[in-house]
Amino acid sequence: MDLFAALVLQIVYGIANLVLISIGLAVIFGMMRVINLAHGEFLMLGGYSVIVATNNGVNIWIAMFILAPLIVGLIGLIVEWCLIRFLYGRMVDTLLATWGLSLFFIGLITTIFGAQTATTISPPFGAITIGEYSSSGYELFLICIAVLMIILVYLLLRYTKLGLVARGTMQGADMAASLGVSTQRVYSTTFGIGAALTGLAGGLLAPITGILPTIGAIYIGKAFITVISGGTAILAGTASASVLLGAINGIVAFVVGPTMGEVGLLLLAIVLLRLMPQGITGRFFKRSL
Amino acid sequence: MTINRRNFLKGASATAAVLTAPAFIGQAQATDALKMAVILDQSGGLDIYGRPMVDASHLAVEEINAAGGLLGKQVDLTVYDPQSTIQFYTQYATKAATSDRVDVVQAGITSASRESIRPLLSRYKTLYFYNTLYEGGVCDTNNYCTGSTPGQTVEKLVPYTMNKWGKKVYIIAADYNYGHITADWVQKYVRDNGGDPVETEFFPLDVTNFGPTIKKIQAAKPDMVMSALVGGAHVSFYRQYAAAGMSKSVPIASTTFGVGNEHLMISAEEGDGMIVAYSYFQEIESAANKAFVKRFQDRFGADAPYLNELAARQYEGINLWAEAVKTAGTADRMKVIEALDAPTSINGPSGKVTIDPQTHHAVQNVYLAELKDQKFNIIQTYEQQQPTDTQLVCDLIATPNQSNFYFENGLKAAGID
């Protein structure tokens, strides 16, 4: 029974992990159809913001919840301003440009901080015990944060003017523009918010995974698989894809082994996309956000 | 631009052109000098291993040249960066052998990179040194593998830690050749010492969530964990293990921790108590090593990386070759091989290193060390250990002119276990 509880917690954490790494991408790719291959590097930059700030004496909570999203959000705005805005609707060009951008960020960070970085900040929570089993308290904390992030994005999109205008612009930019909306502004704000969410996630993951200039490559594949499996409704899609993929990954990893866990995740994604080419929300929860 | 096949291919071929571009950046060529090529990853995922090795190569060659060179000639060092991509290894090795016509290649980090260039360098008759610790089993006239192998390190690490912690061992390893073969050796030595390898798990190199495995370790209740995890992503294991409160109750021994300077990447309390075995540590208390560390730090200043077996052995590998060239009186490949098999021996930072003519591996000192406050404290020294694993399958004296890798398909295929 203890094992079961510990395992369920572990699987829920696996799901939360997928939500964290893909929610920023869901906003940028899901809403704007911009293939951001530098998404992994945005996560990496969030991590570095936290590491550098805490090593310079900044409180870890301020670093994680304020500095990381702020810095990466600003970087996102700059990137949108000098690169992405010229490439809307040109998918292959965006792909190449953002891939170049990801190489640029990796090179820049390696030049500044070196190939390896001391991530000597530890998770700010101790272990929690469930009977004979123990888990990291920080994982429980990340689960709560992942849920909060989904609620936050939902509220933002559903109940604010900004969210309404953003959704309208994504559905019909011409119509929005003719109604007096500055679509350019909406695009850059959305991209900035996506980047900020990614930065926040990167900062939150840094204490538990450590950080390297090349760590983005590890996340990018899973982030895209989650978002694409999710389909058009970004929140319901990301959440449902995370639940399915994370649960399969966690269960198979525990029963068979980590290699098969990864295989299971990829296999499920292939089957999902074969049966539902538009993603999960192309068939279910169609009218949700 | 719409996506159609033609446009996509245009983009893709531009990408390919960018990727191959570094190959065309030429190197200056000096005449009447001995030539050495070093091919080691200085970018990409393996750069944490490659960069200190490249620094050590520069130091070794600069010292040889400052002392008057070899046979009255300077040594010309060409460094290639294969960017953690196997394809570039073959490309640069071909260039070094056929276009630069170097006298020796000192290259390779992963076994995959070694296996991509080893047959090629044999074919072009270009002497090859591989200075990274690895799983053992290469049996090649043209290839000297100077790094430590499981028969030298794991064979010492397993009984020591089992005595200290207990007989139930949980093995976790990277999911490629090195991890699988090392796990085979760990299982063998655990059984040889009367222990029980309760479970063995393999992880793809990009796994960062080790939660399910940590639960399995808690369920299996082993006395210790033996880790052969590799690379930056796997460092997360040690953090998550400590965060789950496990590092205090079930200690870890490792065959890989530290060679990427992982002990500096996690905090002191996360790493304290781990035990590892290598043929070199920066903390070795010999006059030769202290002088070496000082020269290295003077040369590379405040940014000098921590010295581990990879960097020290790269330095020693170059010096083994230099010593053999001096003995042979020529850089001719067969004459140098004869001199190396005589055998050549040097006193390096790690102690005495001697070529084993039977296997073209190295007889070397092995040290056990315990991690405390991000420093390795040496707790045991084993002098002059033979590469016993490779000696089981390889005899280049009885059967010269071989180019084999006996452990490629695991230990069972090699008739061991």
>> Being farther than 26 Å from B:Asp206 by Cα, at pLDDT below 95 and either crowded, with 20+ Cβ neighbours inside 10 Å or in contact with a helix residue (DSSP H, G or I) (Cβ under 7 Å, 6 or more places away or on another chain) (or both): is that true of A:Ser288 here?
In response: yes
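Among the candidates B:Ala311, B:Ala268, B:Ala288, single out the residue that is within 14 Å of chain A (Cβ to nearest Cβ) and surrounded by fewer than 17 Cβ atoms within 10 Å (Cβ to Cβ). I'd like the intermediate steps shown before the answer.
Values: B:Ala311 fails: surrounded by fewer than 17 Cβ atoms within 10 Å (Cβ to Cβ); B:Ala288 fails: within 14 Å of chain A (Cβ to nearest Cβ).
Of B:Ala311, B:Ala268, B:Ala288, the one residue that is within 14 Å of chain A (Cβ to nearest Cβ) and surrounded by fewer than 17 Cβ atoms within 10 Å (Cβ to Cβ) is B:Ala268.
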> Restricting attention to the stretch B:201-240, and to residues there that are of a type in the set (Ser, Thr, Tyr) and within 9 Å of chain A (Cβ to nearest Cβ), which single residue is farthest from A:Ala127 (Cα to Cα)?
Replying inline: B:Thr208
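Could you please let me know if A:Gly89 is surrounded by fewer than 16 Cβ atoms within 10 Å (Cβ to Cβ), more than 28 Å from B:His263 (Cα to Cα), within 9 Å of another protein chain (Cβ to nearest Cβ) and modelled with pLDDT under 85? Give the derivation first.
Numbers: surrounded by fewer than 16 Cβ atoms within 10 Å (Cβ to Cβ): yes; more than 28 Å from B:His263 (Cα to Cα): yes; within 9 Å of another protein chain (Cβ to nearest Cβ): yes; modelled with pLDDT under 85: yes.
Here the answer is yes, as A:Gly89 does meet what is asked.
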> Within the stretch B:355-366, is there a residue that is out of contact with any helix residue (DSSP H, G or I) (no Cβ under 9 Å at 6 or more places or on another chain) and modelled with pLDDT of 95 or more?
Replying inline: yes
> Among (1) touching a residue at least 40 places away in the same chain (Cβ under 8 Å); (2) away from every other protein chain (no Cβ under 13 Å); (3) surrounded by 18 or more Cβ atoms within 10 Å (Cβ to Cβ), which single condition is B:Ser254 missing?
Replying inline: (1)
>> Within the stretch B:266-302, take every residue that is more than 24 Å from B:Thr256 (Cα to Cα) and aliphatic (A, V, I, L, M) and give me the one that is modelled with the lowest pLDDT.
In response: B:Ala302
>> Whether any residue in the stretch A:60-73 is more than 26 Å from A:Thr169 (Cβ to Cβ), among the aromatic types (Phe, Trp, Tyr) and in contact with a helix residue (DSSP H, G or I) (Cβ under 9 Å, 6 or more places away or on another chain) is what I want to check.
In response: yes
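Take the conditions within 14 Å of another protein chain (Cβ to nearest Cβ), more than 18 Å from the chain's Cα centre (by Cα), of a type in the set (S, T, N, Q) and surrounded by fewer than 24 Cβ atoms within 10 Å (Cβ to Cβ) and apply them to A:Thr183. Does it pass?
Answer is no for this residue.
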> Does the stretch B:108-116 contain at least one residue that is more than 30 Å from B:Phe210 (Cα to Cα), crowded, with 24+ Cβ neighbours inside 10 Å and touching a Gly at 6+ places or on another chain (Cβ under 8 Å)?
Replying inline: no
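So in the stretch B:326-354, with the set limited to residues that are of a type in the set (Val, Ile, Thr) and out of contact with any helix residue (DSSP H, G or I) (no Cβ under 7 Å at 6 or more places or on another chain), which one is nearest to B:Ala311 (Cα to Cα)?
Narrowing the stretch B:326-354 to residues of a type in the set (Val, Ile, Thr): B:327, B:330, B:336-337, B:344, B:346, B:353-354.
Going one step further and asking which of them are out of contact with any helix residue (DSSP H, G or I) (no Cβ under 7 Å at 6 or more places or on another chain), we end up with B:330, B:337, B:354.
Numbers: B:Thr330: 27, B:Ile337: 23, B:Thr354: 18 Å.
Among them, the one singled out is B:Thr354.
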> Does the stretch A:163-172 hold any residues that are among the hydrophobic types (A, V, I, L, M, F, W, C) and surrounded by 14 or more Cβ atoms within 10 Å (Cβ to Cβ), and which are they?
Replying inline: A:Val165, A:Ala166, A:Met170
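Inspect the stretch A:59-72 for any residue being away from chain B (no Cβ under 12 Å) and more than 21 Å from the chain's Cα centre (by Cα) and give the result as yes or no. Before you say what the answer is, go through the steps one by one.
Here is the first cut: in the stretch A:59-72, the ones away from chain B (no Cβ under 12 Å) are A:59-72.
So of that shortlist, the ones also more than 21 Å from the chain's Cα centre (by Cα) come out as A:59.
Yes, that holds for at least one residue.
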>> Among the numbered criteria (1) free of Cβ contacts under 8 Å to residues at least 24 places away in the same chain; (2) more than 28 Å from B:Lys248 (Cα to Cα); (3) within 12 Å of chain B (Cβ to nearest Cβ), which one does A:Ile106 miss?
In response: (1)
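Do we have B:Tyr280 as away from chain A (no Cβ under 14 Å), crowded, with 23+ Cβ neighbours inside 10 Å, part of a helix (DSSP H, G or I) and among the aromatic types (Phe, Trp, Tyr) here? So that I can check it myself, show each step before the final result.
On the way: away from chain A (no Cβ under 14 Å): yes; crowded, with 23+ Cβ neighbours inside 10 Å: yes; part of a helix (DSSP H, G or I): no; among the aromatic types (Phe, Trp, Tyr): yes.
Spelling it out, it is not the case that B:Tyr280 is away from chain A (no Cβ under 14 Å), crowded, with 23+ Cβ neighbours inside 10 Å, part of a helix (DSSP H, G or I) and among the aromatic types (Phe, Trp, Tyr).
Using the structure shown, decide if B:Gln297 is without any contact (Cβ under 8 Å) to a residue 24 or more places away in the chain and part of a helix (DSSP H, G or I).
Details: without any contact (Cβ under 8 Å) to a residue 24 or more places away in the chain: yes; part of a helix (DSSP H, G or I): yes.
Yes.
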> Of all residues in the stretch B:330-357, which are out of contact with any Asp or Glu (no Cβ under 9 Å at 6 or more places or on another chain) and of a type in the set (Val, Ile, Thr)?
Replying inline: B:Thr330, B:Ile337, B:Thr354
> Got a sec? Which of A:Ser229, A:Ser242 is away from chain B (no Cβ under 12 Å), touching a residue at least 60 places away in the same chain (Cβ under 8 Å), among the hydroxyl-bearing types (Ser, Thr, Tyr) and buried (at least 24 other Cβ atoms within 10 Å of the Cβ)?
Replying inline: A:Ser242
> Going by the conditions given, is A:Tyr13 touching a residue at least 40 places away in the same chain (Cβ under 8 Å) and at the interface with chain B (Cβ under 10 Å from one of its Cβ atoms)?
Replying inline: yes
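Can you list the helices (runs of 4 or more DSSP H) lying wholly within the stretch B:304-409 that have 3 or more residues being assigned by TED's automatic domain parsing to the domain that holds B:Phe257? Outline the logic, then answer.
Working: elements: B:309-328, B:333-340, B:388-391.
Fully inside the stretch B:304-409 and qualifying: nothing.
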> Would you pick out the residues in the stretch A:261-275 that are buried (at least 20 other Cβ atoms within 10 Å of the Cβ) and touching a Ser or Thr at 6+ places or on another chain (Cβ under 8 Å)?
Replying inline: A:Ala269, A:Leu272
> Under the condition of being closer than 22 Å to B:Thr256 by Cβ and in contact with a Phe, Trp or Tyr (Cβ under 6 Å, 6 or more places away or on another chain), which residue from the stretch B:319-366 is surrounded by the fewest Cβ atoms within 10 Å (Cβ to Cβ)?
Replying inline: B:Val366
> Which residues, taken from the stretch A:120-151, are farther than 20 Å from B:Lys248 by Cβ and loosely packed, with under 13 Cβ neighbours inside 10 Å?
Replying inline: A:Cys144, A:Leu148, A:Ile151
> Are there any pairs, at least 6 apart or on different chains, whose C-beta atoms fall under 9 Å, with the first in the stretch B:42-54 and facing another protein chain (nearest Cβ under 9 Å) and free of Cβ contacts under 8 Å to residues at least 40 places away in the same chain and the second hydroxyl-bearing (Ser, Thr, Tyr) and in a helix (DSSP H, G or I), and if so, which?
Replying inline: B:Asp47/A:Thr110
>> Testing A:Leu43 on (1) at pLDDT below 95; (2) under 24 Å from B:Tyr238 (Cα atoms), one condition comes back false. Which one is that?
In response: (1)
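The values are calculated or read from the model by the stated rules, or taken from the named source; none is laboratory data. Values in this document were obtained by computation on a predicted structure and should not be read as measured data. Don't worry about glycine lacking a Cβ; one is built from the backbone with ideal geometry, like all the others, and counts go over all protein chains shown.
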